[in-house]
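Any read-out appearing in this document is the output of simple, stated calculations on the displayed coordinates, not a laboratory observation. All of these numbers come straight from a predicted model, not from anything done at the bench. We place every Cβ from the backbone using ideal geometry, glycine too, and count neighbours over all the protein chains shown.
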Amino acid sequence: MSKFNKKKDGDLPAVSTASLPDIVFMLLFFFMTVTVMKDSTLKVENTLPNASEVKKLEKKDRIIYLYVGKPTREYQKVFGTESKIQLNDKFADVSDVGSYILQERAKKAQELQNVLTTALKVDKNANMGIISDIKQELRKVNALKVNYTTYEGDAFRNLQ
Amino acid sequence: MPRRKGAPEVNAGSMADIAFLLLIFFLVTTTIETDAGLDRMLPPMEPPDEDVVIKQKNIFTVNINKNGQLLAEEELTDLKDLRTKAIAFLDNGGAASGTPDYCSFCKGKRNPESSDNPSKAIISLKNDRETPYGTYITVQNELVGAYNDLRNREAQRLFRRDFTEMEAAFLNPETPQSVRDELKEKVQQIKDLFPQKLSEAETSTN
């Protein structure tokens with residue numbers, strides 16, 4: 001019976017850590033669910049310009065991304081240093097933009113198809129020529145809502 | 001006498017360590033980022049049915065050349081002065097009082113040579129094919145900034161709040177629906193005072 005008398009009365013019991021795994025698992029599941037793995041590896045340089053009058057892009061499911069910039073060093077041998085468009089994982093021509101937009105639009109739910117935004121992630125050293133061509137293509141497929149994705153910051157830093 | 005036990009209990013003490021390891025991995029790889037940027041609407045492909053005649057004085061032309069230099073209203077302008085110039089143009093309110101275009105809230109110089117009314121004023125942006133994108137964004141930013149400054153001023157006067165803040169609250173999906181309904185009207189009212197009319201001509205090649 002001495003087993004039951006070991007403890008003195010008044011002693012603080014040790015805090016049980018048995019629920020620690022549960023807590024950690026809870027956090028783990030939270031982060032697992034909110035994590036978005038990058039879906040396309042960038043093959044172009046993509047230093048976005050800065051702007052101060054920005055609006056946040058809410059709702060990722062309503063956005064189609066287009067990347068524009070110089071190919072990164074490993075691709076420069078093949079594709080040169082002229083600015084290129086990247087759609088998903090591939091380099092593409094300006095003429096492919098329209099069909100890509102239509103294809104992406106078809107993938108979205110019916111009720112979202114009219115409210116899609118095209119996010120243009122363009123390197124700040126790109127030229128406007130390619131952007132104008134893209135804009136023409138977007139107009140052709142009636143994807144009129146565009147967002148020039150930028151970092152938040154002082155816009156005058158773009159000029160340096 | 002030895003007591004019979006079932007299967008021995010698995011020691012769960014290291015469970016926390018394993019979970020922590022995974023947790024740290026996901027913590028590091030997670031990027032909870034929302035992209036931000038400048039929203040623009042492109043003009044539709046089909047030209048409007050009837051040709052609209054726009055008075056020259058209601059158009060504010062901005063030209064960017066391939067070196068990133070700026071020509072605003074045929075004058076070489078520094079990028080830093082663009083916002084003030086655009087505000088002066090938009091807020092001019094040149095129509096005489098009594099005419100239908102009279103702008104009651106404008107605080108500009110009321111120069112009859114410049115824009116009649118903010119709702120008539122159009123900013124026309126033209127750029128070269130070799131204009132750097134960074135410069136273009138800076139110009140866009142300044143022009144949007146000019147509109148935002150004016151809209152903020154009117155929103156402060158009417159609702160004692162900033163327009164940009166109201167709009168952000170309206171666009172935020174976490175704002176309760178009742179608040180959004182109320183904001184929608186106010187945002188629209190301010191937008192009607194200073195409609196964003198930014199026309200982008202096709203690029204020139206020379």
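Summing charges over all other residues whose Cβ lies under 14 Å from the Cβ of A:Asn127, with Lys and Arg as +1 and Asp and Glu as -1, gives 0. Taking θ as phi - 60°, what are the ³J(HN,Hα) couplings along segment A:80-92 by the Karplus curve (6.51, -1.76, 1.60), each to the nearest whole Hz, with x for Gly and Pro? After applying 6.51 cos²θ - 1.76 cosθ + 1.60, I find x, 10, 6, 4, 10, 9, 10, 10, 6, 10, 10, 6, 9 Hz.
Placing one identical point scatterer on every Cα of the protein assembly as shown and ignoring solvent, what is log10 I(q)/I(0) from the Debye formula at q = 0.07, 0.08, 0.15 Å⁻¹? Results for the protein assembly as shown at q = 0.07, 0.08, 0.15 Å⁻¹ read -0.44, -0.54, -1.44. Remark: relative contact order (chain A) = 29 percent; criterion is Cα-Cα distance under 8 angstrom and separation of 6 or more residues.
For the residues B:Glu73, B:Glu174, B:Glu165, a GNM of chain B with alpha-carbon springs under 10 Å puts the largest fluctuation on B:Glu174. Considering only B:Asp149, B:Asp128, B:Asp35, the Gaussian network model of chain B with Cα springs below 10 Å gives its largest mean-square fluctuation to B:Asp35.
The radius of gyration of the Cα set in segment B:56-200, together with its Dmax, comes out at 16.5, 49 angstrom.
DSSP assigns beta bridges within the protein assembly as shown; of those with both partners inside it, close to 50 percent run antiparallel.
Shown is the FRET efficiency for B:Thr164 and A:Asp89, computed with R0 = 35 Å from the Cβ-Cβ distance and rounded to the nearest 0.05: 0.45.
With both bridge residues required to lie in chain B, what share of the DSSP beta bridges run antiparallel, to the nearest 5%? Percent antiparallel among DSSP bridges in chain B is about 40.
The GNM of chain B, with springs linking C-alpha atoms under 10 angstrom apart, assigns the highest mean-square fluctuation among B:Asn148, B:Asn117, B:Asn67 to B:Asn67. Of A:Lys60/A:Lys135; A:Lys56/B:Lys107; B:Lys55/B:Lys184; A:Lys43/A:Lys124, which ones are farther than 25 Å apart at the Cα? Violating the 25 Å Cα-Cα cut-off are A:Lys56/B:Lys107; B:Lys55/B:Lys184. Taken over chain A, the alpha-carbon convex hull comes to 256 cubic angstrom per residue.
The amide H of A:Thr118, built 1.01 Å from its N in the peptide plane, has A:Ile64, A:Lys145, A:Val146, A:Asn147 as neighbours under 5 Å, considering only residues 5 or more places off or on other chains. Taking every DSSP beta bridge that has both ends in chain A, the antiparallel portion is near 40%. When only Cα pairs below 8 angstrom with a gap of at least 6 residues are kept, segment B:116-206 shows a relative contact order of 53 percent.
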